[in-house]
Amino acid sequence: MTRFALVVLLALGACSAPPAEDAREEAAGPVAGPAQVLPGDIAKLQVLDSQAGQVLADREHYTLYLNTQDGTNPPKPTCVEPECTLVWPPLLAAGGKFEAPGVDPSLLGTVKRPDGLEQVTVGGHPVHRYVDDEAAGDITGHGVDDRWFAVGPNGAPVSK
């Protein structure tokens with residue numbers, strides 16, 4: 001009976017053990033969630049030419065997207081749960097600091113997320129990256145679920 005109890009305990013322990021960190025990273029892809037924001041970090045936006053026209057991108061040249069279901073006046077992100085932010089990481093700015101040459105400053109702002117972090121907004125739209133954009137300049141998230149669209153420098157969805 002002792003041997004049986006030991007086998008059961010080992011089996012239960014193996015079933016309830018959390019997945020290895022590496023396995024979680026592989027499942028989530030290269031961008032597993034919101035980028036860590038360090039004190040004094042400045043979000044940098046830039047205007048890039050793409051297959052869909054001019055789009056906004058982050059400091060690493062990854063396309064930024066808006067969700068048409070988000071509130072814009074006032075800004076309110078709807079992608080706040082982990083199952084969403086793992087796919088659509090928000091562009092965050094510590095202390096609301098950001099740079100965006102080529103974008104009308106009146107279109108730029110931030111919104112406080114439920115987790116207390118500040119997310120960059122353009123034209124009132126909270127902006128995100130897309131986890132399936134594998135390379136800088138990709139726009140694979142454009143049109144996903146008929147609500148996610150690459151955002152142009154005017155704060156509106158780009159037309160493709």
Would you kindly state how much longer the chain becomes between V47 and K97 on full extension, computed as 0.36 nm times their sequence separation minus their alpha carbon distance, in nm to one decimal?
16.2 nm
How fast does the range 71-121 diffuse by Stokes-Einstein, in µm²/s, taking the Kirkwood radius from C-alpha pairs at 4 °C and 1.567 mPa s?
110
Take every Cα-Cα distance within the range 74-160, group them into 10 Å bins from 0 onward, and report for each bin the whole-number percent of pairs it holds.
17, 50, 32, 1
Using 0.36 nm per residue of separation minus the Cα-Cα distance, give me the extension gain between Q54 and D132 in nm, one decimal.
26.1 nm
Extending each Cα 7 Å along its Cβ direction at D146 and L117, get the distance between those two points in nm, one decimal.
3.1
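The numbers here are math on the coordinates, done by the rules we state, and not lab data. If you're wondering where the values come from, they're calculated on a predicted model, not measured in any experiment. Note: ideal-geometry Cβ built from the backbone for every residue, glycine included; neighbour counts use all protein chains shown.
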